[in-house]
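First the structure, in the form of structure tokens, and then the observations on it.
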Amino acid sequence: MRDLVEGKAKPPAAQNELEPYPVPIVEDPSATPAFGGKKPAVLVKSDGSKRCVKLIRELANSPGSITHQALLRPKCRHDVYVNVNYADKVNGDRKDLMTSSFSLGEEHNDFRATVADFAARDLAPQVERWNAAHEAPLEAIKLMADLGLFGLAGPEEYGGAGDFTSLCIAIEEIGKVDQSLGITLEAAVGLGINPIAHFGTAEQKARWLPDLIAGRALAAFGLTEPEAGSDAGATRTRATLVDHEWVINGSKQFITNSGTDITSLCTVTARTDTRDNGKPEISAIIVPTGTPGFEVGPGYAKLGWHASDTHPLTFADARIPEDHLLGERGQGYQQFLSILDGGRVAIAALALGCIRACLELATQYAMQRTSFGVQIGRKQGVAFQIADLDVMASAAHQLVYAAAAMRDHGVSAQEFNRAAAIAKLYATESAVTATRIATQVFGGYGFMEEYPVARFYRDAKVLEIGEGTSEVQRILIARRLGLPVE
Ligand SMILES: Cc1cc2nc3c(=O)[nH]c(=O)nc-3n(C[C@H](O)[C@H](O)[C@H](O)COP(=O)(O)OP(=O)(O)OC[C@H]3O[C@@H](n4cnc5c(N)ncnc54)[C@H](O)[C@@H]3O)c2cc1C
């Protein structure tokens, strides 16, 4: 494999350098290929730049292009793996990728252990208290920020690590301890950072991203309205350009991370015009917190996610500078849909954390609790249900991390859209089932707040609703099959 990469290392790249260049190669027989199995992989010794490497030719049995994958941990060394991009191979035969055995590499597994230790040590002991307070705990957000979790998927030039798989691992492990903290991280990155990172101008990125990626600030995304949820294109909020300012009027509801003391902005979708065909022109606009006319309503009393921040928002002649438009005028709806695909995989990772928590808690309890003189785990009626939890966790893991790898390695938008919908649908519906099983295993104790299964039971339901309901996921999947579903 040595001849696949040539050249000598250059000094570390300038932060915004995008040009690929060669770095020295070290063969690593133990390197884990991107999608498991015996597919070829080479380990390229990093020069610290985390940049693309240049390959002089494709692997002999590689049908497609080759991509790089930077596996990063905050404050750790940076290796760069070079993997065959099997996504290209499966064009036209995508089931290959979706059903192939999938395993994470050593770096990701090490990272998982780091986050799991952190969550167990620094978060778990406080989780009940934070949930009882019914507000997003800034001290927990600071702890997660100090570990670098808000920067895992963000652009490297603004301090991020650019690795979506790592973000999913972090959300899963945090979500296994507490779903509210998991959604706080997920929304902060998926709905807060990503729109600006993907569609922002250089000025917008420079202004907002450093604090968001460092976790010193949170951003929210306001799409849902009282009359526009699944049908997000029906947005009624309007933004009119007057003297180089957007004048926004309307309302949003159920907006996560919109009202904390460190929330710095909310990106909102609004009608900016009507197209020739009569349909609304929808654009996205960054609204800084504290803008006159932009009011954050009281937090909702929710069934679950008690330690997550959710508010209604109103806009009454809120005036925003013209250059706060995010992306192209009229592209706000499309931008949001593309952002949502990544968010759905991240929500699936959160659901996976929930399933694994149920599996762990139910297994422990079934070993300890006795009934009719034996452990309840000896009863097939209990043991078989817990076995089902293991199946759900394993299947959800495959779907989540295959989809995350697609995102990191680059596949077509259509392929990723399908993979994200499948992962979200399966993992979230399984999570709801898993919490029902786990609380049943706990019997009456499962209904008591002092047992975490009760919290997971309350928290799971919204996973089937947020960032696209189960019905919306089924519509997307059915459409990819060519069905004329409405
Ligand atoms: C805790 C929480 C946090 C949230 N955070 C955010 C946020 O940060 N930003 C944001 O913008 N939104 C957020 N949301 C909103 C969330 O994304 C929406 O609630 C969700 O998309 C569903 O929209 P809706 O509530 O208007 O339900 P509706 O769209 O009114 O749907 C009602 C029911 O009808 C079904 N349905 C609708 N259309 C169809 C169809 N064509 N075919 C079949 N069934 C259909 C739905 O699946 C659902 O079961 C949050 C919601 C919650 C509960």
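The values are calculated or read from the model by the stated rules, or taken from the named source; none is laboratory data. All values derive from a computational prediction rather than experimental measurement. Reconstructed Cβ throughout: ideal geometry from the backbone, glycine too, with neighbour counts over all protein chains shown. Surface accessibility is based on the protein's heavy atoms, side chains included, excluding ligands, DNA and RNA. Shrake-Rupley method; radii C 1.70, N 1.55, O 1.52, S 1.80 Å.
Residues within the reach of a label modelled at residue 447 (point 7 angstrom out along Cα to beta-carbon, backbone nitrogen below 20 Å), restricted to segment 289-308, are 303-304. Sorting the segments 446-455, 251-260, 275-284, 176-185 by their residues' average number of neighbouring beta-carbon atoms within 10 angstrom, most packed first, yields 176-185, 251-260, 446-455, 275-284. Could you calculate the FRET efficiency of residue 157 with residue 413 from 1/(1 + (r/R0)^6), where r is the beta carbon distance between them and R0 is 22 Å, rounded to 0.05? With R0 = 22 Å, the Cβ-Cβ based efficiency is 0.40. Can you work out D for segment 213-263 in µm² s⁻¹ from Stokes-Einstein, where Rh is the Kirkwood radius over C-alpha pairs, the temperature is 10 °C and the viscosity is 1.306 mPa s? Estimated diffusion coefficient is 125 µm²/s. The charge dipole of segment 424-486, taken about the Cα centre with unit charges on the Cβ atoms of Lys, Arg (+1) and Asp, Glu (-1), comes to about 200 debye, rounded to the nearest 20. On segment 342-436, 54 percent of the accessible area sits on carbon and sulfur atoms, based on a 1.4 Å probe. Taking amide H as placed 1.01 Å from N in the peptide plane, residue 273 has its amide H under 5 Å from the amide H of 281, each at least 5 places away in sequence or on another chain. Under Stokes-Einstein, with the Kirkwood radius over Cα pairs standing in for Rh, what whole-number D in µm²/s applies to segment 124-272 at 25 °C and 0.890 mPa s? It diffuses with D of about 151 µm²/s by this estimate.
Label separation (residue 485 vs residue 317): 4.6 nm, computed from points 7 Å beyond Cα along the C-beta direction. Under Stokes-Einstein, with the Kirkwood radius over Cα pairs as Rh, the value for segment 329-434 at 25 °C and 0.890 mPa s is 161 µm²/s. Overall, the accessible surface of segment 131-183 at a probe of 1.4 angstrom is composed of carbon and sulfur to the extent of 52 percent. Using a cut-off of 14 Å between beta-carbons, work out the net charge of the residues near residue 266 (Lys and Arg +1, Asp and Glu -1, residue 266 not included). Once positives and negatives cancel, what remains is -2. For segment 241-338, with all protein chains in place and a probe radius of 1.4 Å, 51% of the accessible heavy-atom surface sits on carbon or sulfur.
Rolling a 1.4 Å probe over the protein heavy atoms gives segment 141-238 an accessible area of 28 Å² per residue. Size estimate for segment 284-395 follows the Kirkwood approach: the inverse of mean 1/r over distinct Cα pairs works out to 18.8 Å. Quotient of the Cα radius of gyration of segment 372-486 and 2.2 N^0.38 Å, N being its number of residues: 1.30. At q = 0.21, 0.22, 0.26, 0.31 Å⁻¹, what is the base-10 log of I(q)/I(0) for segment 236-282 according to the Debye formula with one equal point scatterer per Cα and no solvent? Please give it to two decimals. Each listed q corresponds, in turn, to -0.82, -0.87, -1.00, -1.12. Working note: Karplus 6.51/-1.76/1.60 with θ = phi - 60° gives segment 409-418 the couplings 9, x, 10, 5, 4, 5, 4, 5, 4, 5 Hz, where Gly and Pro are set to x. Averaging the Cα positions of each part gives two centres, and for segment 441-471 and segment 127-173 these lie 22 Å apart. Using a probe of 1.4 angstrom and keeping all protein chains present, the accessible surface of segment 402-458 works out to 38 square angstrom per residue.
The residues of segment 281-380 expose on average 42 square angstrom of accessible surface per residue, using a 1.4 Å probe on protein heavy atoms. Relative to the current alpha-carbon distance between residue 388 and residue 109, full extension at 0.36 nm per residue lengthens the span by 98.0 nm.
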